[in-house]
Every structure is written in C-alpha cells, then in structure tokens.
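Engineer: Quick one: this structure, given as structure tokens, is what I'll be asking you about.
Every number in this text was worked out from the coordinates using simple rules, so none of it is lab data. Note that the coordinates shown come from a computational prediction; the quantities given were computed from them, not determined experimentally.
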Amino acid sequence: MKLYTDEQRDQLKANGSPENAGFYHIPVVKWFTPDANATWLVTEILDENEEEAFGLCDLGLGFPELGYISISEIQSFRGNLGLPIERDLSFEGKFPIDLYYKLASKEGRIVTNENQLAQFQAELKIAKG
C-alpha cells in the first residue's frame, strides 16, 4: 500500500513549503501499524525528495509528540508480526494538528474521534474565555 495518494502528496508538499511554514496544518494522512500500536498523523512533507515529513507521532508508549518523520524508515518498518505500516483509508483530518497534539498529550495516545476533538476544542475555548 502506498503511504499517500498523489493528491495527498501534493497537499503534504504544499503544507511543507516555505510560504506555509509556521502554521498548524490539518493532518493529511494517518499511518498506523496493524501489529505494533503506533500511529502517525502527518501534516507535511518538508523536502523535494519526499524523505522528511512532520506530524504527530505516537509509538504506543503513552507519550505522543510532534516531530520529524523519516519516510524511508516508515516504509521499511515492520511490526511484531512483520506487517508494514498502513495508511488509514477512512481518515480525514478535520482539526489543526495542535488540537490533536493537546488532546493526545492529555490522553496519552492519539485520538481521532471527531466528537471527542470537537468537545475538547470547545473546552479549550471556554478555559481561555
């Protein structure tokens, strides 16, 4: 399975362009290990060679973090049963990556449930009030 479609690649590259630096982009693609409990929400590709990406990374250890991702490492990684990383075909990012990050930090794992994210977003707005 391809890690991203051509359309997703174009959006990831656009997000990673210098003129879009510094923005909290909406995740374009979600990768996961079907046999190792790791998840990545990817917002951008940072180079022309498609070697470096950026996003929210959760290796299943309870400490999700924003960071850089080596695409070649993702492509070569195999989980406990030897399965490669897959793209979640049903994922559609709806919120900026900083919201996913804040909720993941609170929960100790990436949460992609839209209702939970919307409720958390509303709670943050009330708290800032």
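Engineer: Rounded to whole Hz and in sequence order, give me ³J(HN,Hα) for the stretch 30-44 from the Karplus expression 6.51 cos²θ - 1.76 cosθ + 1.60, θ = phi - 60°, writing x for Gly and Pro.
Structural biologist: Listing the rounded values in order: 10, 10, 8, 9, x, 9, 9, 6, 10, 9, 10, 10, 9, 9, 7 Hz.
Engineer: Quote the Stokes-Einstein diffusion coefficient, in whole µm² s⁻¹, for the stretch 47-88, based on the Kirkwood radius over alpha carbon pairs, a temperature of 37 °C and a viscosity of 0.692 mPa s. Please report the intermediate quantities before stating the final value.
Structural biologist: Numbers: Rh = 11.6 Å.
In µm²/s, the coefficient rounds to 284.
Engineer: Nearest 500 deg cm²/dmol is fine: what mean residue ellipticity at 222 nm does the chain get from its DSSP H runs of n ≥ 4 alone, each adding -39,500 (n - 2.57), divided by its residue count? Before the final figure, lay out the partial values.
Structural biologist: On the way: 4 runs with 42 residues, N = 129.
Calculated at 222 nm, the ellipticity per residue is -9500 deg cm²/dmol.
Engineer: Here's something else I'd like to know. What's the lysine pair count for the chain at a Cα cut-off below 21 Å, pairs eight or more apart or interchain?
Structural biologist: Eligible lysine pairs with Cα atoms under 21 Å apart amount to 14.
Engineer: Please work out the Cα convex hull volume for the chain and give it in Å³ per residue.
Structural biologist: Details: hull volume 13.5 nm³, N = 129.
So the per-residue hull volume is 104 Å³.
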